[in-house]
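What follows is a short report on a single structure.
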Amino acid sequence: MASWAWFHKWGSPRWFYQLSGRLIPWLAVPAVILLCGGFVWGLAFVPADFKQGNSFRIIYIHVPAAAVAMGAYMTMATAGAVHLIWRMKLAAMVMKCIAPVGAALTFLALLTGAVWGKPTWGTWWVWDARITSVLILFFLYLGVIALHQAFDNRDAAAKACAVLAIVGAVNIPIIYWSVEWWYSLHQPASIKFVGESTIHPSMLRPLMATLAGMYLFLGWIVLSYTRAEILERERNTRWVKDLVEGKS
Amino acid sequence: MANSPSLLGVARAVLRRDLTAALRRGSEWSNPLIFFLMVCSLFPLGIGPDPTLLGVLAPGIVWVVALLASLLATDHLFRGDFDDASLEQMLLSPMPLYPQVIAKVLAHWLMTGLPLSLLSPLLALILQMPSGGIGVMTVSLLLGSGALSFIGAIAAALTVGLRKGGLLLSLITLPLYIPVLIFGSSAVQAGAQGLPFGPQLAILAAFLLAALALAPIAISAALRISMDQ
């Protein structure tokens, strides 16, 4: 059972609160550096694309937002599954806290996609498979948030949202492969894990920086949000009272 | 334990009970049909009676309205059983929930999806759809509405314990319905234009089978959550 000790430790809100307090600077500082650095690098120093000119530069916001929106959904669904299987309360809190952040990132991806689409494709919006499936992702996030708000009982809300998040996860592979399955306006993936990427290294490096920065940013925001949630839920416990009164 | 019923026996009993109740009430199966008919006939009034325009729009119109009609009926799926506590008895019974859930969804489909599919050729004629699309439409609706029933049942089970579940139900169901709608209407469009429609129907059938296998797990879990609170 010793191997499971760390797992149960993670389930303790108090322990999580203390650890995440120490963890946040390690997420926040690199996130700000990578995001700001990547934006400046991408917007000011990378050469213009020979086909799209300067308009391609929105990639440095659009791609990280879209990728992290999907990653956030999978994290939310995984946290939901952890909550359902091991009854871990903390996973339920993380799940609840990811939903609005993920919805905001999805909205940002849709918005920057529209802004990018106007100069490149000549239209704000097309019913392309990738765009439509990301719109569904946005609706799924909204559904989880609405379902959570509809319950009076917090535990039932968490379990119901976990089921919905897991069911909605079928959309994620559809989004991911939509550009390969339905080849229409949206370009297929330029960054490849296997084989050579079709994007020039000078453009790729700042993109990688903003991508990593955005993941760290997600971790930072979700941890902070979860800490607030922990304090709110545990407000009647000894340790929170001590914390507020400055005893510990 | 001499007369312990079989799984199939339980499923059959639930199916028979639900069908009898629905047939006696009448409104359960007739209201979605009337809704389907009325909303479809609103479109020519709204966009004009031009036959070519209607013919182009018909596959999408019929599919979207069928989806909404099916959604309308989904709210009742567990509501009655929840109110009179027979749902609780289902959960407490020693029999597994899986066959009971499948039987309930099947009864729901027989009362809504099947009549909708059978009525659709009439609406296709009213909306001036090219004749090539009519057969495809019926088949695509038969397959698709089955998947819709299973998907909708997940959301119905999640919201059954809530007082104001109706609007929330549509909010969480519609995103999950979208893939079925896309392939269903594209099959009909292909059929209406005389193009091959096999792949879309195959994908719809795959949706149905996946929903049949996986949705009852989610529905059972959701029902337990709704009863626990």
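Below is a table of values for the structure above.
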read-out: Helices (runs of 4 or more DSSP H) contained in region B:106-203 and holding at least 2 residues closer than 21 Å to B:LEU223 by Cα, away from chain A (no Cβ under 11 Å) and in contact (Cβ under 8 Å) with a residue 40 or more places away in the chain; value: B:132-159
read-out: Matching residues, region A:76-118, being surrounded by 23 or more Cβ atoms within 10 Å (Cβ to Cβ) and among the charged types (D, E, K, R); value: A:LYS96
read-out: Hits in region A:139-174 - residues which are of a type in the set (Gly, Ala, Ser) and either in contact (Cβ under 8 Å) with a residue 60 or more places away in the chain or more than 8 Å from chain B (Cβ to nearest Cβ) (or both); value: A:ALA157, A:ALA158, A:ALA162, A:ALA165, A:GLY168, A:ALA169
read-out: Residue satisfying condition, being within 21 Å of B:LEU174 (Cβ to Cβ), of a type outside the set (Val, Ile, Thr) and touching a Phe, Trp or Tyr at 6+ places or on another chain (Cβ under 7 Å), within set B:ALA22, B:ALA73, B:ALA66; value: B:ALA66
read-out: Options B:ALA155, B:ALA147; residue that is within 20 Å of A:LEU135 (Cβ to Cβ), within 15 Å of the chain's Cα centre (by Cα) and crowded, with 24+ Cβ neighbours inside 10 Å; value: B:ALA155
read-out: Lone qualifier among B:SER117, B:SER170 - being under 16 Å from the mean Cα position of the chain (by Cα) and modelled with pLDDT under 90; value: B:SER170
read-out: Conditions (1) without any contact (Cβ under 8 Å) to a residue 40 or more places away in the chain; (2) surrounded by fewer than 13 Cβ atoms within 10 Å (Cβ to Cβ); number of the one not met by A:LEU43; value: (2)
read-out: Options B:LEU87, B:LEU37, B:LEU68: the member that is farther than 20 Å from B:PRO130 by Cα, surrounded by fewer than 20 Cβ atoms within 10 Å (Cβ to Cβ) and of a type in the set (A, V, I, L, M, F, W, C); value: B:LEU68
read-out: Top-ranked residue of region B:61-95 - restricted to ones that are small (Gly, Ala, Ser) and part of a helix (DSSP H, G or I), ranked as farthest from the chain's Cα centre (by Cα); value: B:SER86
read-out: From the options B:ALA124, B:ALA153, residue that is touching a Leu at 6+ places or on another chain (Cβ under 6 Å) and of a type outside the set (S, T, N, Q); value: B:ALA153
read-out: Top-ranked residue in region A:122-138 [being more than 16 Å from A:GLY71 (Cα to Cα) and at the interface with chain B (Cβ under 9 Å from one of its Cβ atoms); ranked as farthest from the chain's Cα centre (by Cα)]; value: A:ALA129
read-out: Cross-chain or 6+ apart pairs with Cβ under 6 Å, region A:90-109 first and under 20 Å from A:GLU232 (Cβ atoms), then of a type in the set (Phe, Trp, Tyr) and surrounded by 23 or more Cβ atoms within 10 Å (Cβ to Cβ); value: A:ALA99/A:TYR141
read-out: Looking only at region B:6-34, and only at residues there that are β-branched (Val, Ile, Thr) and surrounded by 13 or more Cβ atoms within 10 Å (Cβ to Cβ), the one that is nearest to B:ALA69 (Cα to Cα); value: B:VAL14
read-out: Scope region A:41-63; condition under 14 Å from A:ILE199 (Cβ atoms) and part of a helix (DSSP H, G or I); matching residues; value: A:GLY42, A:PHE56, A:ARG57, A:ILE59, A:TYR60, A:HIS62, A:VAL63
read-out: In region B:204-229, residue nearest to the other protein chains (Cβ to nearest Cβ) [restricted to those that are among the small types (Gly, Ala, Ser) and more than 17 Å from B:LEU77 (Cα to Cα)]; value: B:ALA210
read-out: Which listed residue is modelled with pLDDT of 85 or more, surrounded by 15 or more Cβ atoms within 10 Å (Cβ to Cβ) and under 15 Å from the mean Cα position of the chain (by Cα), from A:TYR73, A:TYR17; value: A:TYR73
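Quick grid of which residues meet (1) more than 17 Å from the chain's Cα centre (by Cα); (2) modelled with pLDDT of 85 or more:
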position	(1), (2)
A:ARG154	yes, yes
A:ALA158	yes, yes
A:ALA165	no, yes
A:VAL179	yes, no
A:VAL194	yes, no
A:MET214	no, yes
A:LEU218	no, yes
A:GLU229	yes, yes
A:ARG233	yes, yes
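The values are calculated or read from the model by the stated rules, or taken from the named source; none is laboratory data. Please read these numbers as outputs of a predicted model, since none were measured by experiment. No Cβ is skipped: glycine too gets one built from the backbone with ideal geometry, and neighbour counts run over all protein chains shown.
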